[in-house]
Each structure stands twice: as structure tokens, then as C-alpha cells.
1. Based on what the data block shows, is Ala77 touching an Asp or Glu at 6+ places or on another chain (Cβ under 9 Å) and more than 20 Å from Leu169 (Cα to Cα)?
2. Exactly one condition in (1) in contact (Cβ under 8 Å) with a residue 24 or more places away in the chain; (2) out of contact with any Phe, Trp or Tyr (no Cβ under 7 Å at 6 or more places or on another chain) is not met by Leu167; state its number.
3. Of everything in region 135-171, what is at pLDDT below 90 and crowded, with 19+ Cβ neighbours inside 10 Å? Give them in sequence order.
4. Conditions first: (1) closer than 25 Å to Gln41 by Cβ; (2) at pLDDT 85 or above. Ala194 passes all but one, so which condition is the exception?
5. If the requirement is being within 16 Å of Val119 (Cβ to Cβ), in a helix (DSSP H, G or I), in contact (Cβ under 8 Å) with a residue 60 or more places away in the chain and within 17 Å of the chain's Cα centre (by Cα), which of these qualifies: Ala46, Ala19?
6. So which helices (runs of 4 or more DSSP H) are wholly in region 134-218 and hold at least 1 residues that are within 22 Å of the chain's Cα centre (by Cα)?
7. Tell me whether region 58-72 contains one or more residues that are within 25 Å of Thr206 (Cβ to Cβ), in contact (Cβ under 8 Å) with a residue 40 or more places away in the chain and not hydrophobic (A, V, I, L, M, F, W, C).
Amino acid sequence: MTLATELQSALRNLIALLAILNPIGAIPIFIALTNDETVAQRRATAKMAARAVAVVLIVAAFLGDYILRFFGISIAAFQVAGGMVLMLLAFNMLQAKSSRYRHTPEEAAEGMQKEAVAVVPLAIPLLAGPGTMVTVIIAHNKNHGWLADGLLVLDILIIALVAYAALRLAEPLTRRLGVTGINITTRIFGLLLAAIAVTFLANGLTTLFPGLHAGVLE
């Protein structure tokens, strides 16, 4: 693959990860979980959450394929399953709802009782949840060579940095955007995510059932 193609693929992965991560949508939950923390403590929580997101997604990207092989799961089947998970997330985002597939009320309540909420539930599963893990595993499976892998790691580091920035600026962003602004942003990300989910489903189904592809061509 040429450098231009690799960069284009990396950009697509970055947009997909940003849409799934939806850092703006995570702001209200971050504020609720850290309402009794000082400014310095919130900054430390945001930094730890961003680091955890980066570590979890890098590990998922490079070990996910081995885990799938261990359980005898094909990447096509994983694409179909992942597409369905992403579609469920997208439907909730289009309605500006907080999805139970990203985190449950029980996890949020447990997080409220902990001294540190950066890793659970903020990083996992709110930010680095099933959707983002599915995306990086599939992206890594398509990669060929160190350049593509390096660009994927760069994508992950960028979204971790974006997550940190969103959480770090949670209060001023909330004041500026308001509930309506956050909901609009969430819906836009949801629409992008729905399109990505359809692509995952289509690619997985045509691989599992080649006749579908032939039927479309006819």
C-alpha cells in the first residue's frame, strides 16, 4: 500500500474512533463522578482516564486478533457482531441517550463510591468500551506492515489526548455548549457511527456469505 493510502486509512480510523468515543458526550458523567474533587484532582482523574484509554486500546488492537483465533472466531463474524454493537450505540446516540452498552447505572453508582473513578467507569467502559475495542481490533487486522500499525497507535494516542482535553475542559465546555450543544454533538457522532456500523456489517456479511455480494452485482 502507498503512503497516501495508509494515511487515508489512518484518517478513517481516527474519525471512526472519535465518533465512537464521543468525548463531549462523556462530559456530564465525568462532572457527576468528580463533583466532590478539587480542580487538581479532576485534572489528575482526566489524565489517568486518558492514559487508561490509550493502554486498553493499544492492548486490544495488538492482542485482539490472537484472542479471536483462540476462540475460533473469524474476523468476518467479529465484524458482523461489532457492527451490531456499534449500531445499538448509534441508535442511542441519535436519541442523545446514554447507552447501557457503554456503561450501566450500576457501574456509574459504583464509581461514585470509589476514591478513584478514572479507570472504572470513566476509561472502561465509558470511553474505551466495546465499540472502540471492536474498531481497533478490526483496523489492526486490516493492517499490513509497521507503518500501518504505527499510524493506528498514533490514532489511539490522538483520541486519548482528545479525551483528556474534553475532560480537562469539562466545566467550561458545559457552560459554553449547554445540554443542547452536547446533545447535538452526540447526534452528529451517532450518525457517523451508524454509517460505520453499516460498513462493518456489510463487509462481514459479504465475507461470510459470498452469494450476497454476487447477488448485489447482478
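The values are calculated or read from the model by the stated rules, or taken from the named source; none is laboratory data. Just so we're clear, the structure is a prediction, and the values are computed from it rather than from any experiment. All Cβ positions, glycine included, derive from the backbone under ideal geometry; neighbour counts span all protein chains shown.
1. no
2. (2)
3. Asn143
4. That leaves (1) as the condition not met.
5. Every option except Ala46 fails the conditions.
6. Result: 146-168, 170-208.
7. For region 58-72, residues within 25 Å of Thr206 (Cβ to Cβ), in contact (Cβ under 8 Å) with a residue 40 or more places away in the chain and not hydrophobic (A, V, I, L, M, F, W, C): present.
Results for (1) of a type outside the set (A, V, I, L, M, F, W, C); (2) over 17 Å from Leu14 (Cβ atoms), shown as yes or no for each residue.
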site: Pro130; (1), (2): yes, yes
site: Thr135; (1), (2): yes, no
site: Ala163; (1), (2): no, no
site: Val179; (1), (2): no, yes
site: Phe189; (1), (2): no, no
site: Leu205; (1), (2): no, yes
site: Pro210; (1), (2): yes, yes
